[in-house]
Amino acid sequence: MTLRPTRRHAVLGLGASAVIAPARAHGMHAAFTIIEDNPRTGALEIMHRIFIQDLELLLTARAGRRVTLLADPGTQKILETYLLEIFSIKSPDGQALKPEWVGMKLNIDTVFVYQEVKNAAALPGLTINSQVLTETHPGQVNSVNITKNKRTQTLIFMSGDSAQSVTF
């Protein structure tokens, strides 16, 4: 028996395409963070890679006005404050470590934010939580790679996740 598509199947197919197409338009929401120790300086160097479109949407929602990374002179301070709120890093004894702003670099569709925590490379472990963009993108997935002594550990965070610990 051969099934022939009917008009109803065609309409249902179009409806499914209309629902699926917007989901594919932007794809998965993700941010990436790399933390590496610098034995020369004794600092933990942190680099966040975040999609500009998602970040501007979030910063606009928080500011109550349109925020554009390229055009707004105060963007650096807004972004620095935001990252200090939603990205936490602690020593093994629970002491909060405050990353200092180093700078940011805009590419075509991503922003790279550079931070560092001084005098922290000797720590035997860290406790981290990354909730980057989860308030505006509930399906956001954040990956944090921590490299120390040529060994990389990866932590994955989603909206509402608790902090996770690594030891070296």
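The values are calculated or read from the model by the stated rules, or taken from the named source; none is laboratory data. Quick caveat, the model's predicted, so the values are computed rather than measured. As a convention, Cβ positions derive from the backbone with ideal geometry for all residues, glycine included, and neighbour counts pool all protein chains shown. In case anyone asks, the SASA skips ligands and DNA or RNA and just uses the protein heavy atoms, side chains included. Shrake-Rupley method; radii C 1.70, N 1.55, O 1.52, S 1.80 Å.
Rolling a 1.4 angstrom probe over the protein chains, ignoring ligands and nucleic acids, what is the accessible area of T147 in square angstrom, nearest 10?
In the full protein context, T147 sits at about 30 Å².
Karplus couplings for the stretch 122-135 from phi (6.51 cos²θ - 1.76 cosθ + 1.60, θ = phi - 60°), rounded to Hz, Gly and Pro as x?
Per-residue couplings from phi come out as 7, 4, x, x, 8, 10, 10, 9, 10, 10, 4, 6, 6, 6 Hz.
Radius of gyration and Dmax for the stretch 38-168's Cα atoms, expressed in Å?
In Å, with Rg to one decimal and Dmax whole: 15.0, 44.
Going by the alpha-carbon gyration tensor, a ≥ b ≥ c the square roots of its eigenvalues, is the stretch 89-145 rounded (a/c under 1.5) or, if a/c is not under 1.5, prolate (a/b greater than b/c) versus oblate? Don't jump to the answer; show the numbers that get you there.
On the way: a/c = 2.69, a/b = 1.41, b/c = 1.90.
In terms of gyration-tensor shape, oblate.
Under a cut-off of 19 Å between alpha-carbon atoms, report the lysines in cross-link reach of K118, not counting same-chain residues fewer than 8 places apart.
Here the lysines satisfying the reach criterion relative to K118 are K90, K98, K148.
Order L55, L123 by their accessible area, 1.4 angstrom probe, all chains in place, largest first.
Values: L55 0, L123 40 Å².
Ranked list, largest accessible area first: L123, L55.
So how much slack lies between N119 and V102, counting 0.36 nm per residue of separation and subtracting their Cα-Cα distance, in nm?
Working: separation 17, 0.36 × 17 = 6.12 nm, distance 1.53 nm.
Full extension from N119 to V102 adds 4.6 nm.
Just to confirm a number: summing +1 for Lys and Arg and -1 for Asp and Glu over residues other than T41 whose beta-carbon lies under 10 angstrom from that of T41, what do you get? Please list the in-between numbers first.
Details: positive: R40, K118; negative: D37, E45, E116.
Taking every other residue near T41 into account, the sum is -1.
Can you work out the Karplus-derived ³J(HN,Hα) for every residue in the stretch 158-166? Use 6.51 cos²θ - 1.76 cosθ + 1.60 with θ = phi - 60°, whole Hz, and x for glycine or proline.
Result, rounded to whole Hz: 10, 3, x, 5, 7, 5, 10, 10, 10.
Given a 1.4 Å probe, how much area per residue of the stretch 60-137 is accessible, in Å²?
Values: 4150 Å² over 78 residues.
For the stretch 60-137, the solvent-accessible area averages 53 Å² per residue.
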